[in-house]
Structures are given as structure tokens and as C-alpha cells.
Amino acid sequence: MEKIELKKIIPQWKVKSKVKKLGRKIAKDYKDKNPILVGILKGSFVFLSDLMRQIKIPHEVDFISVASYGSEKKASGVVRLLKDLSSNIEGRDVIIVEDIVDTGLTLNYIRQNLLTRKPKSLEIVTLLDKKQRRKAKIPIKYIGFRIANNFVVGYGLDYNENYRNLPYIAKMDEKKSKAW
Ligand code: IMP
């Protein structure tokens, strides 16, 4: 495996406290609504599993998996559905759970796709937001942290499928991030 320098940018305690805050806010906003959280695989599974335990109201969880055609780190906006939801979301309050919104192209595709199924409402929660790189305009209701334009790993986010297990968010060394 390639040796890569990592620099911690969001420590574990900050992630934890932010996830708690987001969970409380969502629980308050969705009281008595029994929302469905839709995690986008694979990156969001760590965030989702912590977040759902902080949403202390009844809710359901489902997953969707997409592959983006593009280079290893760059989304192209052309998306292939690998795994669809198991649930019918018509008339339901749906919250898409994303690890990071970068160009927004992937999320835009998923959002448009889910909207055709006529949910009662559809909102987005993301742990990280790299707004500078946005190409698609999407409304994001809940944002954990706004971060600069670096390639980051940890807490579910990977580089070539590695580093998902880090309990914090780290950025890759300058050279790699610049190439990004
Ligand atoms: P977007 O379509 O450009 O917004 O890309 C979204 C997806 O690209 C995310 O769900 C991640 O899987 C991946 N991605 C974007 N930026 C990063 C990053 O800095 N680290 C790891 N994965 C990333």
C-alpha cells in the first residue's frame, strides 16, 4: 500500500459532538413523523450508524448505492444505480444521509431520482460540505462542517477503499490534495 501523509483536521471529539447536535436537531424537526434515513453507500455508513443513535425518535433506515463514472476521486455526474432502496418512500418524510458533498453531482442525481417517487418531503444531511467545488445547486438542510478544498479521509470516507476506519477526519498531504 502507498504511504500517504495524513493530517488530522477534525478530531474525534468534535465529530462526536457535532453528530449529537445534528441528531437532536433532526429529532426535534421530525417528531411524530417517522422519517426514513437513506444512507448513500459506502461512505455514509459510519456517520449514519452514529447519527441514528442520536435521533431519539422512531425512524427507519434504508440504503442506496451508486457508482459514479469518473476518475477515482472525481465524480462525473453520470451515475449508475448499484443498489436501490428496499422501501417505498411515496408519501414518506425522507432524509438523505451523505458523508461529504463535493461537486454535488452524485447527490443531485440521487435527489432527482428519489423525488420522482413522490416522498412527502426530502431533505439532506451531510457531515462535510466542500462548497467551493459545488457544480450542482442542491438544498442541504443540515450541515456538520464546512471544509476547504482538500481530499479528506476517515469516518467512512476512503482513499482507494482505505482509511474508512479512522475515528477522525484527516486531509491528505498537500501534493495529493493539490492534484485533487
Ligand atoms: P460529488 O458528486 O462530487 O459531490 O461526490 C460525492 C462523493 O465523492 C462522496 O459521497 C464521496 O464518496 C466522494 N468524495 C468527494 N470528496 C471526497 C473526499 O474528500 N474524500 C473522500 N471521498 C470524497
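The values are calculated or read from the model by the stated rules, or taken from the named source; none is laboratory data. Keep in mind that what you see is a predicted model, and the values were worked out from it rather than measured. Using ideal geometry, Cβ is built from the backbone for each residue, glycine included, and neighbour counts are taken over all protein chains shown. When the accessible area is computed, the model is the full protein with side chains, heavy atoms only, and any ligands, DNA or RNA have been set aside. Shrake-Rupley method; radii C 1.70, N 1.55, O 1.52, S 1.80 Å.
Data overview
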{"read-out": "Selected residue (only one of V19, V38 is more than 16 Å from the ligand (Cβ to nearest atom), in contact with a helix residue (DSSP H, G or I) (Cβ under 9 Å, 6 or more places away or on another chain) and either closer than 29 Å to L82 by Cα or of a type in the set (K, R) (or both))", "value": "V19"}
{"read-out": "Selected residue [in a strand (DSSP E or B), within 16 Å of the ligand (Cβ to nearest atom) and within 29 Å of L105 (Cβ to Cβ)] from I64, I4", "value": "I64"}
{"read-out": "Only one of L122, L81, L115 that is aliphatic (A, V, I, L, M) and surrounded by 16 or more Cβ atoms within 10 Å (Cβ to Cβ)", "value": "L122"}
{"read-out": "Within the range 26-54, tally of residues that are open to solvent by 50 Å² or more (accessible area, probe 1.4 Å) and either more than 17 Å from the chain's Cα centre (by Cα) or of a type in the set (V, I, T) (or both)", "value": "5"}
{"read-out": "In the range 91-139, residue nearest to the ligand (Cβ to nearest atom) [restricted to those that are more than 15 Å from the chain's Cα centre (by Cα) and in a helix (DSSP H, G or I)]", "value": "R133"}
{"read-out": "Qualifying residue in the range 162-175 (condition: under 17 Å from I9 (Cα atoms), open to solvent by 50 Å² or more (accessible area, probe 1.4 Å) and touching a strand residue (DSSP E or B) at 6+ places or on another chain (Cβ under 6 Å))", "value": "yes"}
{"read-out": "First in the range 1-27 and farther than 18 Å from A170 by Cβ, second anywhere and of a type in the set (G, A, S) and open to solvent by less than 100 Å² (accessible area, probe 1.4 Å), Cβ under 9 Å, 6 or more apart", "value": "K21/G144; L22/G144"}
{"read-out": "Only one of G144, G156 that is in contact with a helix residue (DSSP H, G or I) (Cβ under 7 Å, 6 or more places away or on another chain), at positive phi and crowded, with 19+ Cβ neighbours inside 10 Å", "value": "G156"}
